[in-house]
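For reference, the structure discussed in these notes is given below.
The values are calculated or read from the model by the stated rules, or taken from the named source; none is laboratory data. Bear in mind the structure is a predicted one, so any value in this text is a computation, not a measurement. We place every Cβ from the backbone using ideal geometry, glycine too, and count neighbours over all the protein chains shown.
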Amino acid sequence: MKLRTLVVLALFGVLLAFAVASWGQTPDAGAGAAVAPLDGASNFIVDLAVKYPWIVTVVAIIGTLRLLVKPVIAAAHSYAEATNSPKAEALIEKIENSKALSTVFFALDWFGSFKVRK
């Protein structure tokens, strides 16, 4: 299977998992347990998350991608350097210069505000 297909499937899987996890989440009106009132920014953030749970999903997806993508790319570079194989380095160079991965990296930089490339 091509790397591009794997990357697309992995991103789709993460998005699907978060969408399913957040499906039907509504604030529990009859919670009953007394909670200390929040003030300032904490109150604003909690109210925003309760009213718009999809925002929490988007932030969780961005955080998960930040945790997963950068180490995978770094591991691929480390492997190519450790093996000292021209084939491995050429493969990584070919993959990183592909239009599909460049588009994914641009989207991650634009929406997730983190750079994958050095």
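Quick notes on this structure:
- Only residues that are surrounded by 12 or more Cβ atoms within 10 Å (Cβ to Cβ) and modelled with pLDDT under 60 were counted in region 26-42, giving 0.
- Condition broken by residue 22, with the remaining ones in (1) within 22 Å of residue 107 (Cβ to Cβ); (2) among the small types (Gly, Ala, Ser); (3) at pLDDT 80 or above satisfied: (3)
- Among the candidates 61, 45, 73, residue that is touching a helix residue (DSSP H, G or I) at 6+ places or on another chain (Cβ under 7 Å), modelled with pLDDT of 75 or more and assigned to a helix (DSSP H, G or I): 61
- Residue pairs whose Cβ atoms lie under 6 Å apart, sitting 6 or more positions apart in sequence or on different chains, and linking a residue in region 86-102 that is surrounded by 12 or more Cβ atoms within 10 Å (Cβ to Cβ) to a partner that is charged (D, E, K, R) and assigned to a helix (DSSP H, G or I), are 100/4.
- Test set (1) at pLDDT 75 or above; (2) touching a helix residue (DSSP H, G or I) at 6+ places or on another chain (Cβ under 7 Å) - residue 102 fails condition number: (2)
- Figure legend. Inter-residue proximity from region 55-80: first residues under 14 Å from residue 92 (Cα atoms), second residues in a helix (DSSP H, G or I) and not aliphatic (A, V, I, L, M), beta-carbon distance below 7 Å, spacing 6+ or different chains. Indicated pairs: 80/89.
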